[in-house]
Amino acid sequence: MNIATIWGIAKVAATRIPWGRVMENIPAVVDLAERAKGRFRGQGGGDIEARLRHLQEENRRLEQALLETSGHLQQTIRTMKVVVARQKMLMSATAVSLLTAIAALVAALG
């Protein structure tokens, strides 16, 4: 790299990077860097097995929660079907009532 390239990068860093925000987020950046460092360095075999067991356990919990949620959704679908059927019945009763009222009004005026 020549000096002009380095100077250009320094100029962009000085003028375009929001250093105030960077300083506010330093703890998060450090945490992300530590995680990335751990991933790149690798971990011992026992640690991988522990993580695998933990992930399998979490997978079982999520599977159970998914089944439970699926059951709730099926119950909600059944409830909504009942509500729609009742709404249709009420609409029909309202239409019959309206027609009866119109017929009675026509008969009373005629």
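The numbers here are math on the coordinates, done by the rules we state, and not lab data. What you see is a predicted model, and the numbers here were worked out from it, not measured in a lab.
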Discussion item. Ignoring everything except DSSP H segments at least 4 long, calculate the 222 nm mean residue ellipticity for the chain; use -39,500 (n - 2.57) per segment, divide by total residues, nearest 500.
Written reply: -32500 deg cm²/dmol
Response to the item:
Under a Gaussian network model of the chain whose springs join Cα atoms within less than 10 Å, the largest fluctuation of ARG78, ARG21, ARG41 belongs to ARG21
Discussion item. Show log10 I(q)/I(0) for the range 1-42 at q = 0.26, 0.30, 0.34 Å⁻¹, two decimals, from a solvent-free Debye sum over equal Cα scatterers.
Written reply: -0.80, -0.88, -1.02
Item to complete: Would you indicate which of (1) 83; (2) 70; (3) 77 is the value of percent of Cα pairs over 16 Å apart derived from the coordinates of this structure?
Response: (1)
